[in-house]
Each structure stands twice: as C-alpha cells, then as structure tokens.
Amino acid sequence: MAKKLFIETLGCAMNVRDSEHMIAELNQKEDYELTTQAREADLIVINTCSVREKPVHKLFSELGVFNKLKKESAKIGVTGCTASHLGEEIIKRAPYVNFVLGARNVSKITDVLHRDKAVETEINYDESEFAFKDFRTSPYKSFINISIGCDKQCTFCIVPHTRGEEISIPSNLIVDEARRSVARGAREIFLLGQNVNNYGRRFSGDHKTMNFTQLLREVSAVEGLERIRFTSPHPLHMDDAFIEEFAANPKICKSMHVPLQSGSTAILQKMKRGYSKEWFLNRIETLRSLAPHTFISTDIIVAFPGECDADFQETMEVVEEVKFDQIFSFKYSPRPHTEAEHFTDVVDSAVASERLTHLQKVQDAILDEKSRHYVGQRHRVYFEELRQDGYIAGRSHNNLAIRVKGGEELLGTFAEVEITQSARLSQIGAIVVA
Ligand code: 5AD
Ligand code: SF4
C-alpha cells in the first residue's frame, strides 16, 4: 500500500514549486501519496519561509503540534528557507525532527528520507538542470522555474543566504516544460524566479546569450499556450525593451508585480535597491502608457531603519500617485545574515504599526474607488477553482479574481464574463451568452 505524505507549504510561489518537486520525487521514487490529514501521514514535511521573523517562530510551535498528533512511526522533515538558515539548530531545538533539507536542495529529498538526522543545506547546490519527476498542483496552470537563487544584496533580505547565488535554467528546458504542460491540458504558465528580468546573467553550463525579453518571446511561441504570467521582476531591470515586449505580446497577461519596497530614494539607497523614486515612477508611467490596463501590484516595507516621517510620506506619495491594484505591506523585520540587521537607527515599533495601518487604510480607500468602476466591465476568465458554495473562480487576463455561479464543466475553460458585483479584491460576475 502506498505511504502517505502530508506537506505544508509556506511562503512564496518558489516554495510551491519546490513542494511540487518533492511530491513528484517522493511519489515516483518512494511510492508516497498525498494526504490532507497529518495524523494519518507516514511523512510530514513543512516547507518553510524565513523572509520575516513571525513564521520562523511559528515553525517550532507547529512542529510540536505535529509531533504530538503524528503516527508513532511517522517521520518529520523541515525543508525550505528556514531549513537553509537554521540547519542543525532545528534538530537541536526539536530532536524528533528526522531531517532538514534546505531550499535548492530539494532533489535530495528521497536521499535524506533514509538518513536519520540528515542536514543538507548547501546554499549553492546547483539544481538548475536537475530532471525532476513531474507533479502539478493544478492541471490548468503550471509553475515553471526560470532561475534559482538571487544575486542582489538588498540589505533587508535573507533570501540570498537561503537560496544562494543566481543561476538561470537553460531556455530549452523551460520551453520543453511549457510544451509538456500544454500537452497535459494547461493553458497558462507562471514563470518563477527571485528576479525574473535578470534572466540569463549566468548559466551553469554553456548556453547561448539570452535575456528575459528573449525568453518571453521563445516561450510565447509554444503552440496551444494562451497565457503567460511571471513573478517577480525587479524595477531596476525593467528596461524599455522588456516593457515593450510585455505590452505587445498578446499571450503575456497584463499584470505585473513590481516591488517598490519604499518610495524614499534615501531609504532605497540604504536598502541597496539600485533605483530611485523617480526611476520607479518613470517605469510605471512607461508601463501604463504602453499597456494601460495592467494590474499592478507591489510590496512595501514600512519602518525600515532610519525611515523618518518625511521618508514614509514619500512612500505614501507613490501609493497615491500609482494607485496600485494590490499592495502587500510589511513592517520591517530584522533578519539574520543581512546588512540591515546591524543598523542601529531602528524605528519605534508603535510608529511602525501606525505607518502600516495608515498605508493599509489609504490603500483600502484606493481599492474601494477602483472597484466601483469594475461593475459592467467584461473580461475573459480562465476558470481554475471549484468552490464549495456553487461558484467557480478564475482570473481575468489582467489578474482580477472573478467568480461566477457554475459547476465543474467550466474548469479549464475560458468564458467572457460581465462583472455584476464588485469588492476590493474579489469580483462576482455572470457569463455573457453570445
Ligand atoms: N522585513 C519585512 N519585509 C521583508 N520582505 C523581505 N525581507 C523583509 C524584511 N526583513 C518583504 C519584501 C519582499 C517580500 C517578499 O517580503 O517586501 O518583496
Ligand atoms: Fe520565503 Fe523568500 Fe524563501 Fe520564498 S524565497 S520561501 S519568500 S524566504
């Protein structure tokens, strides 16, 4: 009988893809099947994120819970970014953990499974050409890695320490994966990298020169593929050619996540982001002038060390001017192995909370205003998710989450939908009958 695997995935889309890789390896080499019940599992894996402090604290309490409820013979593994940066310490603090497997070491999952107390956290381990077995969470859209690691040195960010140096995956492997996905029925792919538009700076073997814009052209030539999304581009590398390709290529979905982090040039410099407030605004303006209806989302960190009221005001100016379609906002959290961890001009935590609340309030008002205009709009929706409540949900080309009343027969299909009811981040509509 097949053994059972329970896997919990925290963090970003890269982690989702890493989990898929581990599920595939465990399924095809070790005969594991997925379960949603930790208590019946033979193997429990937590695929962790360490980008902020909170989830790391949560890990140990969660491990304790799993240890209590698991079957006696079941193993527990900790994988992902927190595994990379805490390594052996995890087993010291939670001795019942059977193995620790860092991000970008996931191909070793079937090996560490058989070595009790194994710790594999080599941060520059090269999996860029590893032929992973195949597993997809969704049959309708495929995540495809285009690079691993990150070469940037943003002073707040732990990722270069957990995911190592940046290596691009050869374009022929990416195109093959896109073709295989389409052959299996997916119409959409999601290209993933820490910094996608830095694609092509380094390959592990010989490879023809290629940048992200060229890669987008190659991938979009795959027949039967209808939608391409990607995350995340870095504002610094958003050159005109990239924005022009984004705007002109009909297969590229018109939504872009452009992480601002701060609207103050002085803070951006301290963060080592490599661009100014003006450059960011100029890129958004170019993007909007060439592709006016692009859904633009962003990440903002408030209360980075040294952020004074005037700096925060600059961030708010960008928020008011750009009117992002979605903002992921965070209070700065000092992370080990980063430069900013040693900065002493820490912002008072009450001030940080106030700034976060203010930013979120202003953004809510912006979204309320925006969503008033959504009613009556028509969008081509790709249905991907059947809900319990009689609705089926999908995304428009420009990333609006839209649901309509409907059943299973709509899964994996496209339909023209008119929005009838609108809320901040979720729209209700009806299929337009031709
Ligand atoms: N503190 C707060 N937020 C952070 N992020 C990354 N590092 C930190 C940190 N130390 C945020 C950034 C990034 C997103 C994934 O998480 O905004 O874009
Ligand atoms: Fe979290 Fe960053 Fe690692 Fe993704 S890459 S799992 S966001 S720390």
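The table below lists the values:
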item	result
Distant-in-sequence amide H partners of Phe295 (H built 1.01 Å from N, under 5 Å)	Ser255, Met256
Over 28 Å [Cα-Cα, the chain], rounded percent	54 percent
Mean projected area (nm²) of the alpha-carbon convex hull when the stretch 305-387 is viewed from all directions	9.0 nm²
Modelled FRET efficiency - R0 22 Å, Gln153 with Asn282, Cβ distances, 0.05 increments	0.40
In the stretch 1-92, lysine pairs closer than 25 Å at Cα, eight or more apart or cross-chain	27
Packing-based order for 191-199, 340-348, 417-425, 222-230, using average beta carbon neighbours within 10 Å, highest first	191-199, 222-230, 417-425, 340-348
Ser50 long-range amide H proximity, modeled H, under 5 Å	Cys81, Thr82
3J(HN,Hα) from dihedral phi, the stretch 5-19, Karplus parametrisation 6.51/-1.76/1.60, rounded to Hz, x for glycine, proline	10, 10, 10, 10, 10, 10, x, 8, 4, 4, 5, 4, 5, 4, 4
Separation of alpha-carbon centers, the stretch 270-318 and the stretch 358-434, rounded to whole Å	27 Å
Gyration tensor (alpha-carbon) shape descriptor, the stretch 29-109, a/c threshold 1.5	oblate
Computed [θ] at 222 nm, helices only, for the chain once each DSSP H run of length n ≥ 4 contributes -39500 (n - 2.57)	-10000 deg cm²/dmol
Candidates Lys251, Lys71, Lys141: whichever shows maximal mean-square fluctuation once the chain is modelled as a Gaussian network with Cα springs under 10 Å	Lys71
Reach of Lys254 by Cα under 24 Å, taken over lysines that are not fewer than 8 positions away in the same chain	Lys141, Lys277, Lys323, Lys370
Radius 15 Å from Cβ of Glu88, net charge of other residues (Lys, Arg +1; Asp, Glu -1)	0
Charge tally in the Cβ shell below 11 Å around Lys323, where Lys, Arg are +1 and Asp, Glu are -1, Lys323 excluded	-2
For the stretch 380-389, Karplus couplings with θ = phi - 60° (6.51, -1.76, 1.60), whole Hz, Gly/Pro x	8, 10, 9, 7, 10, 9, 8, 9, 5, 8
Val302 long-range amide H proximity, modeled H, under 5 Å	Phe330, Lys331, Tyr332
Cβ-isolated cysteines (cut-off 4.7 Å), the chain	Cys12, Cys49, Cys81, Cys150, Cys253, Cys308
Relative contact order, percent, the stretch 3-120 [alpha-carbon distance under 8 Å, six or more residues apart]	25 percent
Per residue Cα convex hull volume in Å³ - calculated over the stretch 87-149	115 Å³
Centre separation in Å (Cα based) which lies between the stretch 137-184 and the stretch 50-90	24 Å
Whole-percent pair-distance distribution, where bins are 5 Å wide, for the alpha carbons of the stretch 136-253	2, 12, 22, 23, 19, 14, 7, 1, 0
Å² per residue, accessible surface of the chain at 1.4 Å	44 Å²
HN-Hα J in Hz across the stretch 292-302 - Karplus 6.51, -1.76, 1.60, θ = phi - 60°, x for Gly and Pro	x, 9, 5, 7, 10, 10, 8, 10, 10, 9, 9
Solvent-accessible area, 1.4 Å probe, carbon plus sulfur percent, for the stretch 136-253	48 percent
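The values are calculated or read from the model by the stated rules, or taken from the named source; none is laboratory data. These figures come from a predicted structure and were not determined experimentally. Counting neighbours? That spans all protein chains shown, and the Cβs are built from the backbone with ideal geometry, glycine included. Each accessible area value is taken on the protein alone, full model and side chains, heavy atoms only, with ligands, DNA and RNA left out. Shrake-Rupley method; radii C 1.70, N 1.55, O 1.52, S 1.80 Å.
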